[in-house]
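> So that we are looking at the same thing, I have put the structure below in structure tokens.
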Amino acid sequence: MRLLSLTAWLLTAGPALAQTMPGMTMPPATQPAAAKPTASVAARETARVGKRVEYDLYVTDTLVNFTGKVRPAVALNGHLPGPTLRFTEGDTAVVRVHNRLKGATSMHWHGLVLPNAQDGVPYLTTAPILPGSTHTFTFPLVQHGTYWYHAHGLEEQSGMYGSMVIQPRQAAAPMREYVLLLSDWTDEKPAEVLRYLKRAGEWYAVQKGATQSYGEALAAGYFKDKVKQEWGRMPAMDVSDVFYNKFLTNGQAQAYFQDAKPGEVVRLRVINGGTSSYFHLQYAGGPMQVVAADGNDVVPFPVTKLEIATAETYDLLITVPPLGAAELRATSSDVTGYTSAYFGRGEAMKAPDLPKLDYFQLTREMNQMGPMTGLSAKGAGQMGTTKPAAPGAKGQAAPNGGDMKGMKGMKMQNGPESAAPVPTPANRPLNRQQRNGLSMGSLQDQGIGMDMGGMAGEFNYNRLRALRPTTLDSTHKWREIKLTLTGNMLRYIWSFDHKTLSVADAIPIRKGENVRMVLQNLTMMRHPMHLHGHVFRLMNAQGAYSPMKNTFDIPSMSVVTIEFAANAEQDWFFHCHTLYHMAAGMGRVIAYEGSPQNEYAKTGYKVAKAGDNARYPWADLSVHSQASFLEANVSNNKNALEFEGRVSYQGDYETETHLLRYLDKRQFLAAYVGFDSRNNKTLKAAGETNTKNERRVLDAGVYYLLPMLVRSEWRVDNTGQLRLQLERRDLPLSNNFFADLRVNTDKEYTVGFRYMVSKYASLSTNYDSDYKWGAGLTFHY
Ligand SMILES: [Cu+2]
């Protein structure tokens, strides 16, 4: 009964309602008898066969109320998050996932090395779990540590995640431990979040105070920076794309752990189960001792602050205060909120507040750096041949890219250079090198055991040191894979080497090789990258002792190298773990050459690939005192159908319809064919030669995005008439006040202003050269 008694005193995520012990099956009475596991799957690594540990996970729709509003969510065994699944290394896990949702779902065992068909990526390794059906996952546990499981789709955002704890075979001295599963919650449906990101709506930034408008730039002394950035066709940078209503620890805004003794040292298993949030962890009761990363033990070292990227896990030792309680706070990296865990009883010491982000300063720092072009660490690949992309929109290269050859100190792999600790005030966002661990890493911390008062500084990757050398067998053949992380924030398309999953080929590797992946992030965002089915070396200043991980953060404009032994078979997913980046195309299949394809992949791969190329609609309707204006758009990655209509209350109207296709990889250039139909009968002057007030023509043209994010449109219609139009939309004047400007060679022009009052509505006014001045409301869909 060890598992059950552990569960009883570990206050972790939800009771394991349907948890069953070996030989003891207890599905809820109303459920059909659980399917018997059939396949006996061979472990990839020789694992001593332990006991079978069985769980049932019932996936159901549920309702939650985190914000005062009742919202739909997904529960596992009636709870959000799901139960903690507990195992011992060497056990075989048998997990039956019962899908009681209306649609298909999936479950992925994050960080586990397991047989391909058990990995749970729908349409790639595993069949989707159809509504009403049960899928039994069976896999040997060849690792120990802190892991988690989650749906491999948008249901993850709705609550479909839980933790996994695998105890080592030889149990260390018993220590009280708690799971802290962090997550982010939005009251919106995840599909709606994705659609809104695709339409590049401003509301999330408005809510966060992250618009980075010209007015704010002027007031803060960053006006020139702002102009320079837009001149380079880069929209405002972002720390996280989504505005979250709540941040949660084990499904609650505040979690309380009161059973530990005063002064007791406890082990925290911290999991970032957020879908697009990083968290800063700070503990009011003293330093935190890092003892494991992504389930892999590391040489312990103390930190005062630790940033955990999406999907990472860290094991931390903390001391419960001798008197009262202490807060462990996880503040989202965009500093829009936090979730707290309290340890001990009585009055709580609070962790410090983090200041709001200074986006202008962060942008300035990023632009000063630009992408690196070289990397010279021992054992790491050369990036010199990778040309930085030309200056581009957010998600593309910084304007000064490619001019960084002499840059010092940007090498993550160069050990000694990064040894000098540079203190950073805790109240200031880290700059790029600091986040990358390049100037903060005091390697003197190595080997510090339980000395909680030791060299505590801020966490960075260079401080992670494996217990034993992790170098790969040098007799194996090496394969090097270079990938750039790319994207287009204006259209919310995320990719590698400018190709989304839907149009990219799989990356071939071979069993028996050592694989080195060199990743260069050319976007203005950070990405938490995750490789399925393998544990890799995250190359850092520790050289041979570089830590083993399954997920890593790659800061904007930097390079990270990982290495792993290709010891599996079939196809595995490698992707950004920001849910919406993954959904928008930031993934690749790593395929073992010469390995028979997974039975499912033969038919399903096409479906998996098509996901990021879905069609998304949006519309804006302005109902003003003089006329109504409609813009509607439906688009996928390459194509768009655009409609614009204007109708006055005198019965004058104009419509333009375009079917357009983006032509270049940066999506600055598009060509279209269309139809222009208009009849401004009350405006038409006698003897007018231009047809701008009355025409029905077919037209063709190109769009090209100019500096300052001005869209130029060059078109000709079937009567031979030419028109050039310049347009700037969504020019941010203050945090929620925007301008739209348009002028063309038919001497038509429009100036509009709108003040956003909600995601769906703005107070707006405009002056149109044909329809004149008016004011009213604009509705956004
Ligand atoms: Cu990403």
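> With a Cα-only, solvent-free Debye model of segment 623-781, what are the log10 I(q)/I(0) values at q = 0.13, 0.18 Å⁻¹?
Rounded to two decimals, the profile gives -0.66, -1.28.
> Could you please tell me the mean projected area of the C-alpha convex hull for segment 257-300, averaged over all directions and given in square nanometres to one decimal?
4.2
> Regarding segment 683-757, what's the average projected area of the Cα-atom convex hull, expressed in nm²?
On the way: hull surface 26.2 nm².
Convex hull of Cα atoms, orientation-averaged projection: 6.6 nm².
> Determine the alpha carbon to alpha carbon distance for each of Lys747/Lys772; Lys246/Lys638; Lys638/Lys772; Lys246/Lys305; Lys189/Lys226 and list only those over 24 Å. Please list the in-between numbers first.
Numbers: Lys747/Lys772 14 Å; Lys246/Lys638 34 Å; Lys638/Lys772 35 Å; Lys246/Lys305 21 Å; Lys189/Lys226 33 Å.
Where the Cα-Cα span goes over 24 Å, the pairs concerned are Lys246/Lys638; Lys638/Lys772; Lys189/Lys226.
> Note down the nm distance, to one decimal, between modelled labels 7 Å out along Cα→Cβ at Ala544 and at Asn690.
Modelled inter-label distance: 7.7 nm.
> Quick one: work out the % antiparallel among DSSP beta bridges in segment 463-571, nearest 5.
70
> Evaluate E = 1/(1 + (r/R0)^6) for Arg100 and Glu264, where r is the Cβ-Cβ distance and R0 equals 25 Å; express this FRET efficiency to the nearest 0.05.
Approximately 0.05, to the nearest 0.05.
> Give me the percent of the accessible area of segment 119-262 that comes from carbon and sulfur atoms, probe 1.4 Å, all protein chains in place. If you can, show how the numbers build up before the last one.
Working: 2720 of 4760 Å².
Solvent-exposed carbon and sulfur of segment 119-262 make up 57 percent of the total.
> I've got another one for you. Normalised by the empirical 2.2 N^0.38 Å for globular proteins, what value does the Cα Rg of segment 453-589 take?
1.09
> Between Lys224 and Leu726, take the C-beta separation as r, use R0 = 25 Å, and let me know the FRET efficiency to the nearest 0.05.
Numbers: r = 23 Å, r/R0 = 0.91.
For R0 = 25 Å, the calculated efficiency reads 0.65.
> Working out 0.36 nm times the residue gap between Lys246 and Leu467, then minus their Cα-Cα distance, what length gain in nm do you get to one decimal? Can you show the working numbers first?
Working: separation 221, 0.36 × 221 = 79.56 nm, distance 3.69 nm.
Extending this stretch completely gives an extra 75.9 nm.
> If you don't mind, there's one more thing I want to ask. Rank Tyr771, Tyr760 by accessible area, highest first, at a 1.4 Å probe radius?
Sorted descending by solvent-accessible area, the residues read Tyr760, Tyr771.
> If the only charges are +1 at each Lys and Arg Cβ and -1 at each Asp and Glu Cβ, what is the size of the charge dipole of segment 462-565 around the Cα centre, to the nearest 20 debye?
Magnitude of the dipole: close to 180 debye.
> Let me ask another. Could you name the aspartates and glutamates in cross-link range of Lys198, using Cα to Cα under 16 Å and dropping any fewer than eight places away on the same chain?
Glu188, Asp238, Asp241, Asp612, Asp620, Glu631, Glu642, Asp730
> Using alpha-carbon positions, what is the distance between the centroids of segment 690-715 and segment 144-185, in Å?
54
> Give me the number: length gained by fully extending Ala619 to Lys189, i.e. 0.36 nm times residue separation minus the C-alpha to C-alpha distance, one decimal in nm.
Values: separation 430, 0.36 × 430 = 154.80 nm, distance 1.84 nm.
Roughly 153.0 nm would be gained on extension.
> Thr475 to Arg52: extension gain in nm, 0.36 nm per residue of separation minus the Cα-Cα distance?
148.6 nm
> Also, I was wondering about something else. Once the convex hull of the alpha carbons of segment 88-173 is built, what does its volume come to per residue, in cubic angstrom? Before the final figure, lay out each step's value.
Numbers: hull volume 7.6 nm³, N = 86.
Per-residue hull volume (Cα only) is 89 Å³.
> In terms of the ratio Rg/(2.2 N^0.38 Å) built on C-alpha atoms, what value belongs to segment 46-132?
1.26
> With the other protein chains left in place, how much accessible area per residue, in square angstrom, belongs to segment 204-285 at a 1.4 angstrom probe?
The answer is 34 Å² per residue.
> Another question about this same structure. Roll a 1.4 angstrom probe over the protein heavy atoms and tell me the percent of accessible area of segment 712-781 that is carbon or sulfur.
Ligands and nucleic acids excluded, carbon and sulfur reach 71 percent.
> Which whole number of Å³ per residue matches the convex hull of the alpha-carbon atoms in segment 162-203?
Considering the Cα atoms of segment 162-203, their hull volume per residue is 132 Å³.
> I need the per residue convex hull volume for segment 516-635, using only the alpha carbons, in cubic angstrom as a whole number. Mind showing how you got there, number by number?
On the way: hull volume 16.4 nm³, N = 120.
Normalising the Cα hull of segment 516-635 by residue number yields 137 Å³.
> Under unit Cβ charges (Lys, Arg +1; Asp, Glu -1), what dipole magnitude, rounded to 20 debye, does segment 568-673 have relative to its Cα centre?
With only Lys, Arg, Asp and Glu charged at Cβ, the dipole is about 320 debye.
> Taking Rh as the Kirkwood radius, which is the inverse of the mean 1/r over Cα pairs, what is the Rg/Rh value for segment 591-714? Let's see the in-between values first.
Details: Rg = 21.2 Å, Rh = 17.9 Å.
Checking Rg against Rh, the ratio lands at 1.19.
> Next question. Out of all Cα-Cα pairs in segment 179-330, roughly what percent, to the nearest whole number, are more than 19 Å apart?
63
> How large is the Kirkwood hydrodynamic radius of segment 128-238, counting all unique pairs of alpha carbons, in Å?
Across segment 128-238, the inverse of the average 1/r is 19.1 Å.
> Rounded to the nearest 0.05, what FRET efficiency do Leu323 and Gln170 give with R0 = 35 Å and r taken as the Cβ-Cβ distance? Could you check? All intermediate terms of the calculation are to be shown ahead of the outcome.
On the way: r = 35 Å, r/R0 = 1.01.
For R0 = 35 Å, the calculated efficiency reads 0.50.
The values are calculated or read from the model by the stated rules, or taken from the named source; none is laboratory data. As the structure is a prediction and not an experimental result, all values here were calculated from the model. Cβ sites come from the backbone with ideal geometry, for glycine too, and all protein chains shown count toward neighbours. The protein model used for the area step is the full one, side chains on, heavy atoms only, and it has no ligands, DNA or RNA in it. Shrake-Rupley method; radii C 1.70, N 1.55, O 1.52, S 1.80 Å.
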